[in-house]
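Novice: What follows is a single structure, and I will ask about it in a moment.
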Number of protein chains: 2
Amino acid sequence: MRKVILDLAVTLDGYIEGPNGEIDWCIMDEDMDFEGFLSGIDTIFYGRVSYDAWGNYEPDTNADEAEKALWATVHAKKKVVFSGKAQQDSNVTYITSNIPEKVDEIKQQTGKDIWLYGGSKLITSFIHHGLIDIYRISVHPTVLGEGKPLFQNLKERINLNLTEVKRFRSGVVQLIYEHKL
Amino acid sequence: MRKVILDLAVTLDGYIEGPNGEIDWCIMDEDMDFEGFLSGIDTIFYGRVSYDAWGNYEPDTNADEAEKALWATVHAKKKVVFSGKAQQDSNVTYITSNIPEKVDEIKQQTGKDIWLYGGSKLITSFIHHGLIDIYRISVHPTVLGEGKPLFQNLKERINLNLTEVKRFRSGVVQLIYEHKL
């Protein structure tokens with residue numbers, strides 16, 4: 001069955017953003033093999049706000065070729081947007097209700113894995129419904145002290161199985177876990 | 001110069017305890033080489049509450065020999081207790097004021113490194129004063145969702161240098177950082 005993968009950068013104290021949305025601590029390592037990750041997925045799940053911000057993002061015309069190629073790869077994926085109501089957008093499938101059932105349906109379909117892109121409201125909802133199969137958490141060597149936590153308002157503990165640890169030159173450590181059944 | 005080392009277990013979401021002091025998620029791996037860590041230090045810094053709870057702790061007479069040996073090693077270290085007022089205790093040096101100056105003094109003395117044992121009030125105070133040289137953070141494969149965070153009420157960001165990553169059989173990953181100057 002296809003897996004839903006959360007791939008996210010956090011600070012050492014577990015924040016995905018500073019109190020004013022700061023993500024300037026976030027490092028994109030060249031040795032992170034983000035292309036390799038992208039090649040393993042064919043679908044991206046967005047919340048509405050994230051989709052509006054990033055779903056059709058085009059890098060600056062002066063951006064380097066690698067960045068342009070990366071965004072072209074992202075935009076070639078199938079996109080699913082979770083939102084209170086569907087919009088007119090032929091590039092996208094909207095899901096407006098019954099999230100667990102519809103996500104299960106998509107996971108049963110043939111295809112590669114699915115990247116849960118975010119934002120935090122959608123991630124929290126996926127965590128609550130136990131819909132995340134793989135957590136890829138890139139722990140950054142920064143302590144913010146305050147901000148928006150990745151995990152919030154949980155109803156119960158999550159127990160995970162560590163499957164992989166990757167250390168990058170920048171000091172970022174990626175911890176990969178599977179949801180323990 | 002001797003270094004002050006914080007060695008602590010945290011959950012993946014950055015808590016050192018659950019909301020009711022739960023530490024049942026905390027794993028003591030046999031491959032963690034805690035004895036190796038202890039052999040590199042000769043002094044332990046305690047807060048008063050931690051010292052009262054653990055400073056003279058004796059394992060149960062039925063405990064296994066390894067545990068008894070470990071506690072004997074811990075109790076053979078020089079102990080410094082940070083407290084509002086000094087008590088009568090010939091085993092211990094009390095520090096009741098001017099923490100940064102007195103810690104600096106101790107760090108200038110000849111000796112091995114120093115283990116900052118805790119608790120959280122003392123740790124926060126050390127973080128605020130920039131007195132921690134090495135963070136050894138053992139990230140556990142559990143998400144609690146709530147609890148007592150390791151880092152709180154910071155005045156500013158902490159930027160760290162990753163120096164080592166150790167993966168243990170249990171799924172615990174130890175991240176070792178130096179304070180970036």
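The values are calculated or read from the model by the stated rules, or taken from the named source; none is laboratory data. As the structure is a prediction and not an experimental result, all values here were calculated from the model. FYI the Cβ positions are ideal-geometry reconstructions off the backbone, even for glycines, and counts take in every protein chain you see. Ligands, DNA and RNA are stripped out before the accessible areas are found, and what is left, the full protein with its side chains, is counted by its heavy atoms. Shrake-Rupley method; radii C 1.70, N 1.55, O 1.52, S 1.80 Å.
Novice: Output the residue which, of all residues in the range B:166-181 that are more than 7 Å from every other protein chain (Cβ to nearest Cβ) and open to solvent by 40 Å² or more (accessible area, probe 1.4 Å), is farthest from A:GLN174 (Cα to Cα).
Specialist: B:LEU181
Novice: If you don't mind, another one. Could you tell me which numbered condition A:GLY147 fails, if it satisfies all but one of (1) under 23 Å from A:LEU12 (Cβ atoms); (2) of a type outside the set (A, V, I, L, M, F, W, C); (3) touching a Leu at 6+ places or on another chain (Cβ under 8 Å)?
Specialist: Just one mismatch for A:GLY147, condition (3).
Novice: Out of (1) in a loop (DSSP other than H, G, I, E, B); (2) modelled with pLDDT under 90; (3) touching a Lys or Arg at 6+ places or on another chain (Cβ under 9 Å), the odd one out for B:GLU58 is which?
Specialist: That leaves (2) as the condition not met.
Novice: Does any residue in the range B:154-181 that is under 23 Å from A:ILE23 (Cα atoms) and without any contact (Cβ under 8 Å) to a residue 12 or more places away in the chain come within less than 9 Å, Cβ to Cβ, of a residue that is among the polar types (S, T, N, Q) and outside any loop (DSSP other than H, G, I, E, B) six or more places away or on a different chain, and which pairs are these?
Specialist: From residues that are under 23 Å from A:ILE23 (Cα atoms) and without any contact (Cβ under 8 Å) to a residue 12 or more places away in the chain, the pairs are B:ARG157/A:THR11; B:ARG157/A:THR142.
Novice: For the range B:111-129, what are the residues that are within 12 Å of another protein chain (Cβ to nearest Cβ) and surrounded by fewer than 22 Cβ atoms within 10 Å (Cβ to Cβ)?
Specialist: Correct list: B:THR124, B:HIS128.
Novice: With (1) out of contact with any His (no Cβ under 9 Å at 6 or more places or on another chain); (2) open to solvent by less than 30 Å² (accessible area, probe 1.4 Å); (3) at pLDDT 95 or above as the list, and A:THR11 as the residue in question, which single condition is left unmet?
Specialist: With (1) out of contact with any His (no Cβ under 9 Å at 6 or more places or on another chain); (2) open to solvent by less than 30 Å² (accessible area, probe 1.4 Å); (3) at pLDDT 95 or above applied to A:THR11, the lone miss is (1).
Novice: In the set A:LEU160, A:LEU181, A:LEU116, which member is over 18 Å from the mean Cα position of the chain (by Cα) and of a type in the set (A, V, I, L, M)?
Specialist: Sole residue among the options that is over 18 Å from the mean Cα position of the chain (by Cα) and of a type in the set (A, V, I, L, M): A:LEU181.
Novice: Look through the range A:130-165, keep the residues that are closer than 21 Å to A:ILE41 by Cα and either of a type in the set (D, E, K, R) or out of contact with any strand residue (DSSP E or B) (no Cβ under 8 Å at 6 or more places or on another chain) (or both), and return whichever of them is surrounded by the fewest Cβ atoms within 10 Å (Cβ to Cβ).
Specialist: A:GLU164
Novice: Considering only residues that are of a type in the set (Ser, Thr, Tyr) and facing chain A (nearest Cβ under 7 Å), which ones fall in the range B:134-165?
Specialist: B:THR142
Novice: Still on this model: Identify all residues within the range B:83-110 that are surrounded by 13 or more Cβ atoms within 10 Å (Cβ to Cβ) and either assigned to a helix (DSSP H, G or I) or on the phi > 0 side of the Ramachandran plot (or both); write none if there are none.
Specialist: B:ILE99, B:PRO100, B:LYS102, B:VAL103, B:ASP104, B:ILE106, B:LYS107
Novice: Next question, about the same structure. Report yes if A:ASP33 is within 14 Å of chain B (Cβ to nearest Cβ) and either among the acidic types (Asp, Glu) or more than 30 Å from B:LEU8 (Cβ to Cβ) (or both), otherwise no.
Specialist: no
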